[in-house]
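Novice: Take a look at the following structure, please.
The values are calculated or read from the model by the stated rules, or taken from the named source; none is laboratory data. As the structure is a prediction and not an experimental result, all values here were calculated from the model. Backbone-built Cβ (ideal geometry, glycine too); neighbour counts: all protein chains shown.
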Amino acid sequence: MDPRYQQMRIAGLHGQLSTVIQISRELVHTEWATGDSNATYCVALHPAYLMLYGLRDAEAAIEFMNVVLEELASGSTRMEAGLLLANFFARAGQANRAQAFVDAWAETRGKEGPHVEYDHVQALLAIALGNPMSAIARLRKLHTDPNRCGVHANFDLAIAYEALAERDSAIAAFERHLSNQSGKERAMESFSVPYSLGRLGALYEWKAVSGDESTRETHLKQALAAYKHLLELWAKADLEFNTKMNAIRERIKILAN
């Protein structure tokens, strides 16, 4: 594998968006030249996911992908990667656009057996359409490969549980998402690991405040550990992450006192 892939993923894990964009653009042209549209869009999505989950800026992520789609305009080739694009737009809250990519992809496939990526996108669409219960039912049936492009079922389960305000279940799913990866695989999840740590910090903080007094100290320590781990990852992050980092530092200061 081209070493730039790992460089891009590690840069994403550490919030270095400019580096991710630079390497992504290089690899997009390399993969496009080989005719591998899946690899091309997988590479192109890395900066967009970092904007979506790292900066939590859906508008910037969508705008970035719009530019990519214009640059790589090729209808039939794009449909081979339709589920990757549907995955992204569902996460970005554009359910209609995601469904259009799913429909176009399905038309090119004909009748086939079960497809994990298709089932996963249907779960993401359910979340985007405000039906997290349906998403949870679908995600529980998935056994996804952590090495594929995108993020896998436990991460999305956590998001669906949060939509239902089932915070304990969300914590368990985020913890599974983090614990099921080795150091190398975490670099491949460069946008979901920091997001998971941030949400775990907030969820454990909530438990410390609203839960049983006997567990308050434990939950405070768990919240602090998650926040501090995220700050360590983003120690050399780009300036765009300063607002997020300052907010985390403020939470740490309050919790420590």
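Novice: Which count do you get for residues in the stretch 26-74 that are more than 22 Å from the chain's Cα centre (by Cα), under 23 Å from G93 (Cα atoms) and assigned to a helix (DSSP H, G or I)?
Specialist: 2
Novice: Take the residues of the stretch 32-63 that are modelled with pLDDT of 95 or more and farther than 23 Å from L197 by Cα: which is surrounded by the most Cβ atoms within 10 Å (Cβ to Cβ)?
Specialist: Going through the qualifying residues, I end up with I62.
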